[in-house]
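Below is one structure, written out as structure tokens; the observations come after it.
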Amino acid sequence: MSMRLPKQAGEWISRDKTVRFTFEGQEYSGYEGDTITSALWAAGVKVLGRSFKYHRARGVLSFANHDVNVMVTDGNDTNIRGDVVALGNGMQLDAVNTDGGVLKDKNKYIDSLSPLLPVGFYYKAFHKPARLFPFWEKIIRKAAGLGVVNFNYPRITKRKLNKHCDLLVIGAGPSGLSAALAAASEGLEVVLVDENQSLGGSLTYDYAGSESSRKILEELQAKVAETANIHVYTGAYAAGYYADHMVPVVTAKGITRVRAKAVIVATGVFEQPPVFHNNDLPGVMLGSAAQRLINRYAVKPFNKGVVVTANAHGYRVALDLLNAGAKVAALVDMRAEGQRDDLVGELVRKGVKIYPASCVYEAVATSDKLGVQGAVIFPFDEATGQANPGKSVNIDCDGIAMSAGWAPAAALLYQAGTGMGYSNDIQQFVPNCLPAGVFAAGRVNGVYCLQQRANDGMRAAAEVLRYLGKRPPEVTVDKHQGPSPSHPYPFVEHPKGKNFVDFDEDIQIKDFVNAAKEGFDNIELMKRFTTVGMGPSQGKHSNMNAIRILAKIRNLPVEKIGTTTARPFFHPTPFGHLGGRSFHSHRLTSIHAWHESAGAFFVDVGAWSRPAYYQQAGKSKQQLVQEEAQAVRQTAGIIDSGTLGKIEVCGPDAALFLERFYTGKFADQKVGTTRYALLLDEAGVVVDDGIASRLADELFYLTISTSNAAAVYREMQRWLQIWQLNVGLVNVTGAYGLINVAGPAARDIVGKLVSIDLSDAAFPMGAACETEVLGVPVRLVRVGFVAHLAYEIHMPSAHGLNFWLALMEAGAGYGIRPFGTDAQRLLRLELGHHLAGYDTDGLTNPYEIGAESALAMDKPFFIGQRSLKIIGKKKVAKLLVPFVLPQEYSGEMPQDCNLVIDGAAIKGRVTSVAYSPAAKRIIGLAYVDPARNQPGMVFDIRTDNGSIVKATVVETPFFNAD
Amino acid sequence: MAYQLLKFALGREYKEPRFFRDCQTPKKSYDAVIIGGGGHGLAAAYYLAKDHGITNVAVLERGYIGGGNTGRNTTIVRSNYLTPDGVSFYDASVKLFEGLSTELDINLFYSNRGHFTLAHSESAMRTMRWRAEVNKHVGVKSRVVGTDEISRACPQLDISCSGKAPIQGALYHEPGSIARHDAVAWGYARGADSMGVEIFQNTEVQGIDVKDGRVQGVHTSRGYIATGKVLSAVAGFTPRVCKMVNLQTPIVIHPLQACVSEPMKPWLDTILVSGSLHVYVSQSSRGELVMGSSLDPYEVHSTRSTFDFVEGLTSHIVDMFPFLSNVKIVRQWAGMADITPDFAPIMGNTPVRGFYLDAGWGTWGFKATPISGKTMAYTMANDRPHELIHSFRMSRFEEYELTGEKGAASVGH
Amino acid sequence: MKLLECPMNGVRPLSEFLFGGEYREMPDPDGSDDYEWAGYVHYRDNAPGVKKEWWYHGPSGTWFIAERNTLTDEVLKTYLFGKDPSGKDQTGSKPNKNQTTGTEQSI
């Protein structure tokens, strides 16, 4: 039966646009502007989902963007929320978490087993005997969870935007709108956010059958529309409050990070269900849900209903129901007094029977348990919270609207650090200590009267203006008068239970009582034991009731119970929104394209991409690395080392600075020479090593390993600040390219381009100079890290490719070959050089790598020196030694990080190991027992598969060069 | 159907007893006072009573039991550490965990899932081998596996990570498990309480009396308690408690954040960790994905959430599992992690006689709950450190003998 | 995302900054015993409160001192090392023979 009403003024649907869809295999239609839930309800469909635990039929509860019992799937998306997601043409929807459809769900039997499954039952069962737990676990896991994940869902990440403003107003109800307008009129840039499609908040549905609210709404909407400095975001929720007034605002299109100078939280309140037997049947819904169905979507909630209330709002709901043509068979008011004569009179005039001091004792289910067929009304003693079964009245109805009170939508206020206190006047937590720059207005602030809500918005705007240094006039807001909008204890006991507090998690009153009996009687423990508020709606309709129940159990005032911590997010937020489009930044040298075309296989080193080796069809990586290394040994190789960190240290105190920063001496270093530079941290741990070239009296040029470059430069800057030396530091890592030509032919090749004398006498190992190559000023350094004869040419990085091509051409006749980092690692190993960060780890001290000669302990100071004086007194625990395997070794190849063992004890590990074509055997570096460090001594390495390999300590280099 | 459930259906009255008494007024003195009613403190109380017969013990909890890092972690239990001492210690913890549901008679949902530490680079693969070799040496089931084995265990994982950080292999740790964290605290609380230990919630320690280098007693919001032995098991509050006895530590407090998704039907059976992507993820028995990341980058003594965390984490999760793009995160939270310079705990006696420290748990406290309780109980009962915790002694920093866990720049989880 | 004020570049989002650890006064390396020195290297003034800390603004390469409450995460003020506007700052104003003051290695 269609529940669609004739056109309602202000409805959100477009009746000229029909939308067809299916639900559980049945065809339906709705209108553009409908949500899935409103379209189904309009079509007369009431069973929209099954509950999480007991698989009870569920329909509409709050219809306020957190009805998680209505969760559907289209086979593509996993958990689509029916009350939030707009209806789309051709949608084929099914309820999630059913076995055999929402009407015939085979798991509904669990409901009748519920006495077996009290709160926390799973802590008390299935674990004995232990061996059977995996069996039970499978069943439990399958029963839990909601939707099924679609593994073929495409990767969709959404854009992110940033928005800066003076004031962010969250919530566009009467107080939010008034606040935004008041602030904007004083010139503030205002962002106004509301989760609904249209501005207005309760002004879009709470009419009490009258036109007056809509008139106010239309005026406010028009004013906002003509105010240029109010930036409106609708269909947008504020997901959380983060430090310094940053609020991510989520829409279907993505997230906007709004950074405001001040924030007004005008998020209103969530209506809370009174709790009675079967209060979860389809057809039982909150009063505001009924109003939203009617006034936003033109859907009749039910034909003949009962309204149960404990405030004035229930009367307004009844008037809206009557206005929509629904019969109101009874209005049941849980209060003995406090009724407003005007509302009572109006309803009585319209023929509604009012039952004061009464409660709905139970909703009577239809025989198929899929809906409501009546309500049982009992007198209710407010003081004791007891229903009196003596004088019951049974009323036939197909729906019940519930309005017993509210809870503040204060999650963002809590996240901002707001102190909240409980007001007995309105039976609600209200802010009593707001952090700087955060303000609250409207019902979340405890202001209920419509006129005062608007005033409160203006008052908050005035406070914002004051906070921002302006002088606005005072705005006063009247204190709440009259009966409380919330009932302090709207609960009705029933021997059969099924009086639900948390609809996400199927938690009933007795679950709280029992949890408390077991000792879980503070709100956080109760939450964890019962799981109240842990479902997808995060307690929006359940936390306040849980607090009230616990207060009653412990006979304490509500404020003594406190609240649980409110965590982001306000609504569940998709991964693809939060992750957004991520950026993977990496740096490339100017020669990168050449490497690519030459078949380079790249690896990431720090932020850089570097060729590991150059691929060739039909050849293995191992083979290619060996070939590249052999080229260096036999003729020449060329490597792009432009990624190395390069830092200029200049000024009168440059040498002094380096003496303090590094372990070695630099004051007596001659211009035109290089020195090894070893860096420790203050604990004496090896951090990095590099080369310092002295290019002038007051100019040193440092090279630093690629991945440490940024961090070493940073530390240099800090120590320079501390020491206040007359030194300039320039990070020229990106400014300079670096090409290393290595091998016996290196001199001849480089010599073709360089005009200076490269002979050993004129430019020996360790020499460095500034010269000109290809008409460009360069720095030339003779190095020995990968080969005994090698030259580094440092040129402005834009010239890198030109130099590379020129060197390749110069070397063509010699068989020059590019090599990558893999061959480089092998080549330095053959020369016996350790690699900081590869052969050392986060605890290695210089004694363990045999670097004593690099430590100028006689200097007055260097970083780590004082710690070394302590470490030096201790026995070295392990020592890095070069080792070889027998030439004829044919067993399993040891790997980096295989252990060095001695019987049952771990003595160290292999840090580098490779087959050396130059030494014609397997060589490596390993940490060993310091007692076994002499050449010729043998130690055991255990390979991956567990076999023991005998390795022999040797001297380096591993081969006879030149 | 498990027969334990039947008792709930029989009889009108709900007869389940309290897990632990509602203690309000402490005695004048106790043989030992434990500060911190988290998993560690409660476990220490339990083993003090059970292993050593010391039952005249008070546990003082500032908030509610299990409300600190016990209830904020991502519940992973594993022992695939880097140093032999570390591996042995956590392996003993795993073994205790395996029998704990039975011992405490509470279903901890101890679920053996297997644990993959993904490696996205050659250098990460080297570290995996290092850990595997040490684990094997100590007898713990860990090994380096290739991408084929990862795909078999988790076919949904995009091995290329959306092309951004291709996975090269992993360290597979067979005993890796998850458990219901709160229940661990509740089970130990019940066990300790049943042997006479008194647990005081909402009880703040305001000072510790030390005379002649010895602990004399504890000032609390419920009055003064005389005792000769005090254990501090307070994780992120360690600096505050240590200050009461003028004890310097190297601990710094960094928030560690986590989040959960909405519930889904089970699909992720294993525990996945990626150091390079700063992600760890498993699916709880409720169907939620439980996810964590690395430590926050700077010191804060609070449990505030940041948006940066969740942006970074979700972006990497979507790289690993592109199909989760429209699945939703429900909640994020944080704990205060007490970090040491070498990524290993500080346990044992201290220069203040009678003051015992169980701290420096960083991101690895939950998995150590049973063994830390057991070894600290031993240490308190005998006034000398248990052999398993020797390398975690406080004095190692002055001695420049930091544990080797720092070596591999451990991943937080 | 939190905001932080770089003394050279003004207010910037936290993602542009790097935490450099607590600022510590280095004891005289020659005048302190091993125990004292080890304490300086390893131990921290780690109870919550207002601390002097090193922060680094990455894009501009600026180190500076922030006085921050580690309990509330509130930044009271920031200034270049040795340039505390209140004049109370002792950083860098007490030259000893090595001109050394402790840092947290951020490598």
Exercise. Determine which residues of the stretch A:595-628 fall in the zone a paramagnetic label at A:Leu805 would reach in this model, i.e. backbone nitrogen under 16 Å from the point 7 Å along Cα→Cβ.
Key: A:595-598
Self-check item: Debye intensity ratio in log₁₀ form over the Cα atoms of the stretch A:489-576, taken at each q of 0.10, 0.11, 0.13, 0.17 Å⁻¹
Solution: -0.24, -0.29, -0.40, -0.67
Quiz prompt | Residue order, fewest to most surrounding Cβ atoms within 10 angstrom, among A:Phe700, A:Phe958, A:Phe785, A:Phe500 | solution = A:Phe785, A:Phe958, A:Phe700, A:Phe500
Practice problem: Count the net charge of all other residues whose Cβ sits under 9 Å from the Cβ of B:Glu133, scoring Lys and Arg as +1 and Asp and Glu as -1. | Solution: +4
Exercise. Could you state the angle between the C-alpha long axis of helix B:369-382 and the longest principal axis of the C-alpha atoms of chain B, as a value from 0 to 90 degrees rounded to the nearest 10?
Key: 30 degrees
Self-check item: Antiparallel %, DSSP beta bridges [both residues in the protein assembly as shown], to 5
Solution: 75 percent
Quiz prompt | Sorted peptide list for A:87-95, B:77-85, A:124-132, criterion being average Cβ within 10 angstrom, highest first | solution = B:77-85, A:87-95, A:124-132
Practice problem: Sort all Cα-Cα distances of the stretch A:874-921 into consecutive 10 angstrom bins from zero, then give the percent of pairs in each bin up to the one containing the longest distance. | Solution: 21, 50, 24, 6
Quiz item: Using modelled amide H (1.01 Å from N, peptide plane; none on Pro or chain starts), what sits under 5 Å from the amide H of A:Ile354, excluding residues fewer than 5 places away?
Solution: A:Leu331
Quiz prompt | Shielding score for A:892-900, defined as the mean number of other chain Cβ atoms within 10 Å | solution = 4
Exercise. Quantify how strongly other chains surround peptide A:561-572 by giving the mean number of their Cβ atoms within 10 Å of each of its Cβ atoms.
Key: 3
Quiz prompt | chain A: angle of helix A:709-723 to the longest principal axis, Cα-based, in degrees nearest 10 | solution = 90 degrees
Practice problem: Within 10 Å of each residue's Cβ, count the other Cβ atoms and sort B:Glu122, A:Glu474 from fewest upward. | Solution: A:Glu474, B:Glu122
Quiz item: Cross-link partners among aspartates and glutamates for B:Lys164, C-alpha distance below 17 Å, same-chain residues fewer than 8 apart left out?
Solution: A:Asp604, B:Glu122, B:Glu311, B:Asp319
Exercise. Using the Kirkwood radius over Cα pairs, work out the Stokes-Einstein diffusion coefficient for the stretch B:161-305 at 25 °C and 0.890 mPa s, in µm²/s as a whole number.
Key: 126 µm²/s
Quiz item: At each listed q (0.16, 0.19, 0.25 Å⁻¹), what is the log10 of I(q)/I(0) that the Debye formula gives for the stretch C:3-79 modelled as equal alpha-carbon point scatterers?
Solution: -0.65, -0.81, -1.10
Practice problem: Mind giving me the FRET efficiency for A:Lys560 and B:Arg18? R0 is 22 Å, r the Cβ-Cβ distance, nearest 0.05 is fine. | Solution: 0.60
Quiz item: Counting Lys and Arg as +1 and Asp and Glu as -1, each charge on the Cβ, what is the dipole of the protein assembly as shown about the Cα centre in debye, to the nearest 20?
Solution: 2760 debye
Exercise. Evaluate the stretch A:875-962: find the radius of gyration of its Cα atoms, find its Kirkwood radius, and give the ratio Rg to Rh.
Key: 0.95
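Taking other Cβ within 10 Å of each residue's Cβ, how do A:Leu899, B:Leu60, B:Leu247 sort, fewest first?
Arranged by neighbour count, lowest to highest, A:Leu899, B:Leu60, B:Leu247 become B:Leu247, A:Leu899, B:Leu60.
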Quiz prompt | Förster-model FRET efficiency, 45 Å R0, C:Glu16 and A:Met893, C-beta, rounded to 0.05 | solution = 0.45
Quiz item: Where does the charge balance sit around B:Arg113 when Lys and Arg score +1, Asp and Glu -1, over other residues with C-beta under 13 Å from its C-beta?
Solution: 0
Quiz prompt | Environment charge at A:Asn740 (Cβ cut-off 9 Å; Lys +1, Arg +1, Asp -1, Glu -1) | solution = -2
Practice problem: Per residue of C:28-36, count partner chain C-beta atoms within 10 Å of its C-beta, then hand back the mean as an integer. | Solution: 3
Self-check item: Residues of the stretch A:934-962 with amide N under 14 Å of a point placed 7 Å along Cα→Cβ from A:Lys920
Solution: A:959-961
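Past 23 Å, Cα to Cα, is the threshold; run B:Lys243/C:Lys83; A:Lys517/B:Lys50; A:Lys496/A:Lys552; A:Lys46/A:Lys304; A:Lys907/B:Lys141 against it and keep the listed order. If you can, show how the numbers build up before the last one.
Details: B:Lys243/C:Lys83 30 Å; A:Lys517/B:Lys50 26 Å; A:Lys496/A:Lys552 20 Å; A:Lys46/A:Lys304 15 Å; A:Lys907/B:Lys141 21 Å.
Table pairs above 23 Å Cα-Cα are B:Lys243/C:Lys83; A:Lys517/B:Lys50.
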Self-check item: Prolate/oblate/rounded call for the stretch A:170-321, Cα gyration tensor, a/c under 1.5 rounded
Solution: prolate
Practice problem: Please express the Cα-Cα pair-distance distribution P(r) of the stretch A:436-491 as a list of whole percents, one per 5 Å bin, running from 0 to the bin with the greatest distance. | Solution: 4, 19, 23, 20, 14, 9, 5, 3, 2, 0
Quiz item: Charges only on Cβ, +1 for Lys and Arg, -1 for Asp and Glu: so what's the dipole of the stretch A:190-234 about the Cα centre, in debye to the nearest 20?
Solution: 60 debye
Quiz item: Rounded, prolate or oblate: which fits the protein assembly as shown when a ≥ b ≥ c are the square roots of the eigenvalues of the alpha-carbon gyration tensor, with rounded for a/c under 1.5 and prolate only if a/b beats b/c?
Solution: prolate
Practice problem: Give the relative contact order (percent, whole number) for chain A; include only Cα pairs under 8 Å separated by 6+ residues. | Solution: 9 percent
Practice problem: At most 14 other Cβ atoms within 10 Å and a DSSP loop assignment: could you name the trypsin sites (Lys or Arg not before Pro) in the stretch A:239-311 that fit? | Solution: A:Lys253
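Read the figures in this text as sums done on the coordinates, not as results from a lab. Fair warning: this is a prediction, and the values are worked out from it, not measured in the lab. Counting neighbours? That spans all protein chains shown, and the Cβs are built from the backbone with ideal geometry, glycine included.
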